[in-house]
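Visitor: After the structure tokens below, expect a handful of questions from me.
Any read-out appearing in this document is the output of simple, stated calculations on the displayed coordinates, not a laboratory observation. Because the structure is predicted, anything quoted here is derived from the model rather than measured. For neighbour counting, all protein chains shown are included, and Cβ atoms are generated from backbone atoms with ideal geometry for every residue, glycine included.
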Amino acid sequence: MDWNYIIYKIILITAIMTVSLLVAMYSTYFERKFAAWFQDRLGPNRAGPFGLMQPLADGLKLLFKEEFMPNTANRFLFIMGPMLAMFVALLTSAVIPWGSSLNIGGKEYALQVADINIGILYIVAVTSVGVYGIMLGGWASNNKYSLLGAIRAASQMISYELAMGLAILAIVMMSDSLSLNEIISQQKGINWNIWYQPVGFLIFMICALAECNRAPFDLPECETELVGGFHTEYSSMKLGFFLFAEYINMFISSAVISALFFGGYHFPFEDSLGLSQNWMAIIGVVVFFMKISFFGFLFMWIRWTLPRFRYDQLMRLGWTWLIPIAIFNILITGVVLMINN
Amino acid sequence: MFSTILFYVLSVILVFSSLMVVFTKKPVNSVLFLIVSFFAISGHYILLNAQFLAVVNIIVYAGAIMVLFLFTIMLLNLNKETEPKKPVLIKIIAVITGCLLAITLIGSLKGIDNAPVQNFSDNSIGLIKNLGKSLFTDFVVPFELTSVLFLASIVGTLMIGKKE
């Protein structure tokens with residue numbers, strides 16, 4: 001056992017967790033600021049300079065709210081719902097390469113927790129398990145609105161997983177690997193996958209919105225029809241966990257989109273800078289986070305621009321548009337790969 | 001050493017949760033224990049260095065099929081009260097058939113010690129590249145036949161679903 005290695009991994013895991021939580025915290029702030037901007041308002045500006053302490057105030061408020069427990073048959077599952085949602089949301093970050101490797105004292109330290117050779121399948125697996133938190137929480141609430149929200153969430157996630165998997169498949173065919181590290185390293189400079197797979201990107205983006213339960217696909221918590229959807233009965237920090245998990249999911253989805261389609265930590269003209277490996281790695285991380293922030297902004301932009309879908313429209317879009325287009329995309333990718341070989 | 005401990009931990013979880021699937025009274029708990037047992041099986045796959053199988057097991061069984069199970073149970077709202085009462089005769093028949101199955105299983109497992117143990121020197125057999133190669137070379141006919149079977153079942157499901 002190499003203790004250096006273990007300590008390094010623990011530090012990396014802690015850092016990634018902290019960053020995920022911080023990003024999720026400030027996403028709530030930026031969500032409200034952007035919403036205000038799109039609606040020609042000011043947004044939160046009372047707590048601290050520019051309202052920057054607002055997330056802290058929100059968190060404290062949630063913590064001090066009354067812990068409400070509905071008259072449910074299954075208290076254990078009621079508590080486990082938000083826990084699972086949070087746990088699964090944080091799991092995905094393990095396989096994302098946040099940067100190339102640092103070189104400290106002649107040793108290589110990769111900025112990735114686990115470089116497994118099926119990284120992208122791992123992400124698909126974790127997102128497919130992610131629905132349990134919402135389903136169990138909604139069911140255990142013993143409330144028909146919650147149950148409807150949970151059922152909507154389950155069928156929506158299963159439907160959009162298929163199209164998402166098919167969109168990823170085209171990328172995998174192109175890069176000949178399931179490892180995220182390998183997929184990113186093939187997109188050096190500006191040789192990004194988006195130039196080859198624009199259709200795949202569109203499908204993946206739409207599915208990511210649906211998988212995160214973000215507007216225009218936020219039907220599981222659709223407040224005009226279902227009060228609060230699956231989290232109607234939740235209060236205090238348990239509600240906070242559900243909301244927080246959504247923002248973490250958004251952060252991770254943005255990271256996956258930037259890694260798969262926008263070159264991850266690669267940026268144009270990176271070879272002509274002539275910097276040392278460590279500086280390149282640090283700049284790469286910064287660039288990666290810039291890309292992630294852009295997609296986070298895109299998520300919010302879409303939420304405050306588009307109206308919500310109706311449930312039958314959502315299902316029709318998933319099954320009769322996205323899946324056939326994704327299969328067609330795979331077919332074309334295969335033909336082009338054949339011709340090029 | 002470490003993997004031996006992991007093996008025993010996973011096995012205990014697997015056996016316990018599989019038993020609980022049968023013994024627990026509430027249908028939702030059965031489904032949840034089944035999900036736990038799928039995760040334990042995936043853990044075993046990882047110990048055998050078959051990462052692809054492990055992840056696909058989670059995607060297909062834990063992520064899709066069990067969600068549908070849970071979905072159905074939630075929609076039907078199965079409770080202990082709504083469970084139909086079974087007559088004593090059926091219970092006796094069930095016990096007898098269960099014992100018969102147990103005897104058959106014991107009989108078929110009796111000679112297992114004599115069977116030669118396949119020992120793969122190459123432990124990368126479960127990695128996706130080798131798996132894909134063997135699927136498309138050595139096992140291409142069964143693989144394609146299974147695909148046709150799947151297609152037939154999809155078409156069949158659609159036919160039944162469209163009837164109404």
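Visitor: Less than 20 Å apart at the alpha-carbon level, and either on another chain or at least 8 residues along: which aspartates and glutamates does that give for B:Lys25?
Guide: Candidates past the 8-residue exclusion: B:Glu81, B:Glu83.
Visitor: According to a simple spin-label model (label point 7 Å from Cα along Cα-to-Cβ), what is the distance in nm between A:Val286 and A:Glu225?
Guide: Using points 7 Å along Cα→Cβ, the separation is 4.6 nm.
Visitor: So, in Å, what gap is there between the alpha-carbon centers of region B:1-69 and region A:225-292?
Guide: Region B:1-69 and region A:225-292 have Cα centres separated by 30 Å.
Visitor: Distance in nm between label sites at A:Met315 and A:Gln277, each 7 Å beyond Cα in the beta-carbon direction?
Guide: 5.5 nm
Visitor: Of the candidates B:Ile41, B:Ile103, B:Ile128, which one comes out as most mobile in a Gaussian network treatment of chain B with C-alpha springs shorter than 10 Å?
Guide: Sorting by GNM fluctuation, first place goes to B:Ile103.
Visitor: Report the full-extension gain for the segment A:Val336 to A:Lys188: residue separation times 0.36 nm, less the Cα-Cα distance, to one decimal in nm.
Guide: Separation in residues times 0.36 nm, less the Cα-Cα distance, equals 51.2 nm.
Visitor: If you don't mind, another one. Please go through the residue pairs A:Lys33/A:Lys291; A:Lys9/A:Lys61; B:Lys26/B:Lys86 and name each one whose alpha carbons sit more than 23 Å apart in this structure.
Guide: A:Lys9/A:Lys61
Visitor: On to the next question. Using a Gaussian network for chain A with springs between C-alpha atoms less than 10 Å apart, which of these wobbles most: A:Gln186, A:Gln112, A:Gln277?
Guide: A:Gln277
Visitor: Can you check what the net charge comes to around A:Asn142, using other residues whose Cβ is under 14 Å from the Cβ of A:Asn142 (Lys, Arg +1; Asp, Glu -1)?
Guide: Overall, the nearby charge balance is +2.
Visitor: Can you compute the modelled spin-label distance between B:Ile154 and A:Ile79, with each label point 7 Å from Cα toward Cβ, in nm?
Guide: Calculated label separation equals 4.4 nm.
Visitor: Could you pull out every whole DSSP H run in chain B that spans at least 18 Å of Cα extent along its own axis and averages -0.5 or higher on the Kyte-Doolittle scale? Mind showing how you got there, number by number?
Guide: Values: long enough: B:2-23 (31 Å, 2.41); B:27-47 (30 Å, 1.68); B:88-110 (33 Å, 2.16); B:140-162 (33 Å, 1.63).
Sorted by number, the helices that extend far enough and score high enough are B:2-23, B:27-47, B:88-110, B:140-162.
Visitor: For chain A, which DSSP H helices look membrane-span-like by this rule: Cα extent along the axis of 20 Å or more and mean Kyte-Doolittle of at least 0.5?
Guide: Helices meeting the criterion: A:3-38, A:75-91, A:144-175, A:236-261, A:277-303, A:323-340.
Visitor: Using a Gaussian network model of chain A with C-alpha springs under 10 Å, which one of A:Asp40, A:Asp58, A:Asp218 is most mobile by mean-square fluctuation?
Guide: Looking only at A:Asp40, A:Asp58, A:Asp218, the largest GNM fluctuation is found for A:Asp40.
Visitor: Would you please give the FRET efficiency between B:Ile96 and B:Lys26, computed as 1/(1 + (r/R0)^6) with r the Cβ-Cβ distance and R0 = 35 Å, to the nearest 0.05?
Guide: Working: r = 27 Å, r/R0 = 0.78.
With R0 = 35 Å, the Cβ-Cβ based efficiency is 0.80.
Visitor: Based on alpha-carbon atoms only, what is the radius of gyration of region A:3-340 relative to the globular estimate 2.2 N^0.38 Å? Don't skip to the end; give the middle numbers.
Guide: Numbers: Rg = 20.7 Å, N = 338, 2.2 N^0.38 = 20.1 Å.
This ratio for region A:3-340 stands at 1.03.
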